[in-house]
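Asks: I'd like to ask some things about the structure below.
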Amino acid sequence: MNKLTGKIALITGASRGIGRSIALRLAQEGAFVVVHYGKRRSEAEAVVLQIEQSGGNAIAIGADLSTLDGIHDLFAALDNGIRERTGGSGFDILVNNAGIGQIVNLEDTTEESFDEVMKINVKAPLFVTQQALPRLKDGGRIINISSFVTRVASPSVFTYSMSKGAIDTFTQLLAKQLGSRNITVNAVQPGIINTEMNAGTLQDPSGQKYAAGLSTFKRWGEPEDVADIVAFLASPDSRWITSQLLDASGGSHL
Ligand SMILES: NC(=O)c1ccc[n+]([C@@H]2O[C@H](COP(=O)([O-])OP(=O)(O)OC[C@H]3O[C@@H](n4cnc5c(N)ncnc54)[C@H](OP(=O)(O)O)[C@@H]3O)[C@@H](O)[C@H]2O)c1
């Protein structure tokens with residue numbers, strides 16, 4: 001505990017799901033957490049309240065990451081928020097988590113469906129990181145949320161899988177570029193996690209059976225399973241790990 005005292009973390013898409021759990025977990029370790037959200041302001045504010053009630057510090061910032069204007073708005077608000085709440089500038093940990101799922105095969109892929117996924121899952125992390133780099137402190141951390149679909153070919157989620165493949169490559173490129181600043185860059189690849197993204201699958205008994213059967217532990221994952229791994233990668237304990245793609249699928253498809 002308290003491995004992140006004095007650190008400031010920005011987690012995109014932290015109003016719910018995996019991002020919410022990461023926000024709570026990093027706050028538990030003592031980080032000041034910037035809870036980014038897209039549309040769900042009240043859910044993001046509830047995350048902030050939960051952190052504050054546990055003795056932690058957090059702020060919520062809303063921004064649509066599908067446009068560069070939205071990304072600029074995020075960083076303008078982040079600069080103000082950090083200055084007001086900590087008196088300092090810059091931050092230590094970036095978690096590129098916001099993303100959208102999409103169950104569409106190759107045959108049914110359209111230009112619109114392709115652009116929709118790429119805009120949030122690839123373009124947004126790239127430009128968020130571009131804006132983050134001048135503000136990220138040396139010795140910092142970047143953690144990208146990828147997916148196990150880059151390890152196990154899943155044609156039913158065709159463009160989505162390609163978007164996460166881009167995140168894996170992005171992770172390696174950044175790790176090389178930022179080594180001289182002692183910034184580590186790693187990706188976490190969750191399997192099926194119990195979030196709204198999988199609501200359709202996990203509400204249905206046959207979907208539940210399928211999801212639980214994938215993991216060697218015979219259950220699907222919970223957001224906390226991923227958040228604990230991210231907390232390790234965010235901590236000083238992971239200082240000698242960079243450019244790694246960490247499977248977080250409970251041994252799915254072994
Ligand atoms: N769930 C899984 O099984 C699973 C598996 C592998 C990888 N992943 C990856 O893990 C990450 C989180 O997934 P999740 O299941 O936790 O998702 P989720 O519950 O659907 O939450 C998605 C988050 O992303 C934000 N977001 C989406 N579009 C946005 C936009 N245009 N602008 C700003 N924010 C936006 C949402 O904000 P608002 O709600 O405020 O709009 C929300 O906070 C994603 O990158 C996903 O691909 C998930």
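Asks: State which residue is nearest to the ligand (Cβ to nearest atom) when the search covers only the range 203-212 and only residues that are under 19 Å from GLY251 (Cβ atoms) and surrounded by 13 or more Cβ atoms within 10 Å (Cβ to Cβ).
Replies: Looking only at the range 203-212, we keep the residues that are under 19 Å from GLY251 (Cβ atoms), and these are 208-212.
Imposing the further condition that a residue be surrounded by 13 or more Cβ atoms within 10 Å (Cβ to Cβ) reduces the set to 208, 210-212.
Details: GLN208: 13, TYR210: 13, ALA211: 9, ALA212: 13 Å.
Step by step, filter the range 203-212, then rank; the result is ALA211.
Asks: Can you tell me which residue within the range 106-158, out of those that are surrounded by fewer than 18 Cβ atoms within 10 Å (Cβ to Cβ) and hydroxyl-bearing (Ser, Thr, Tyr), is nearest to the ligand (Cβ to nearest atom)?
Replies: SER154
Asks: Same structure, new question: Taking the range 75-87 only, how many residues are in contact (Cβ under 8 Å) with a residue 60 or more places away in the chain and either in contact with a Ser or Thr (Cβ under 9 Å, 6 or more places away or on another chain) or of a type outside the set (Ser, Thr, Tyr) (or both)? Reasoning before the result, please.
Replies: Of the residues in the range 75-87, the ones in contact (Cβ under 8 Å) with a residue 60 or more places away in the chain are 75, 78, 82, 86.
Now drop any that are not either in contact with a Ser or Thr (Cβ under 9 Å, 6 or more places away or on another chain) or of a type outside the set (Ser, Thr, Tyr) (or both), which leaves 75, 78, 82.
Adding up the residues that qualify gives 3.
Asks: For the range 72-126, how many residues are assigned to a helix (DSSP H, G or I), within 15 Å of the chain's Cα centre (by Cα) and more than 24 Å from PRO155 (Cα to Cα)?
Replies: Residues flagged as assigned to a helix (DSSP H, G or I), within 15 Å of the chain's Cα centre (by Cα) and more than 24 Å from PRO155 (Cα to Cα) within the range 72-126 amount to 1.
Asks: Among the residues of the range 24-31, are any in a helix (DSSP H, G or I) and more than 16 Å from the chain's Cα centre (by Cα)?
Replies: Within the range 24-31, one or more residues are in a helix (DSSP H, G or I) and more than 16 Å from the chain's Cα centre (by Cα).
Asks: What is the residue count in the range 181-221 for residues that are touching a residue at least 40 places away in the same chain (Cβ under 8 Å) and touching a strand residue (DSSP E or B) at 6+ places or on another chain (Cβ under 7 Å)?
Replies: 13
Asks: Would you confirm, using the coordinates I've provided, whether LEU173 is modelled with pLDDT of 95 or more and either assigned to a loop (DSSP other than H, G, I, E, B) or over 22 Å from GLY19 (Cβ atoms) (or both)?
Replies: yes
Asks: Considering only residues that are assigned to a loop (DSSP other than H, G, I, E, B) and surrounded by fewer than 19 Cβ atoms within 10 Å (Cβ to Cβ), which ones fall in the range 219-253?
Replies: Matches in the range 219-253: ARG219, GLU222, SER235, ARG239, TRP240, ILE241, SER243, GLN244, GLY251, HIS253.
Asks: Any residue in the range 8-26 that is within 16 Å of the ligand (Cβ to nearest atom) and over 27 Å from ASP168 (Cα atoms)?
Replies: No: zero hits.
Asks: Hey, does the range 47-64 have a residue that's in contact with a His (Cβ under 7 Å, 6 or more places away or on another chain) and either farther than 22 Å from PHE232 by Cβ or in a strand (DSSP E or B) (or both)? Before the answer, list the steps.
Replies: Here is the first cut: in the range 47-64, the residues in contact with a His (Cβ under 7 Å, 6 or more places away or on another chain) are 61, 63.
Filter once more, keeping what is either farther than 22 Å from PHE232 by Cβ or in a strand (DSSP E or B) (or both): 61, 63.
Yes, the range 47-64 contains at least one residue that is in contact with a His (Cβ under 7 Å, 6 or more places away or on another chain) and either farther than 22 Å from PHE232 by Cβ or in a strand (DSSP E or B) (or both).
Asks: Does PHE170 count as over 16 Å from the mean Cα position of the chain (by Cα) and closer than 18 Å to VAL122 by Cα?
Replies: For PHE170, the condition - over 16 Å from the mean Cα position of the chain (by Cα) and closer than 18 Å to VAL122 by Cα - is not met.
Asks: Okay, moving on. Going through ALA77, ALA63, ALA44, ALA31 one at a time, which residue ends up being within 16 Å of the ligand (Cβ to nearest atom) and closer than 21 Å to ALA227 by Cβ?
Replies: It is ALA44.
Asks: Would you pick out the residues in the range 153-189 that are over 25 Å from ASP115 (Cβ atoms) and aliphatic (A, V, I, L, M)?
Replies: ALA175, LEU178, ILE183, VAL185, VAL188
The values are calculated or read from the model by the stated rules, or taken from the named source; none is laboratory data. The structure displayed is predicted, hence computed values, not measured ones. Positions of Cβ are generated from backbone atoms using ideal geometry, with glycine treated the same way; all protein chains shown enter the neighbour counts.
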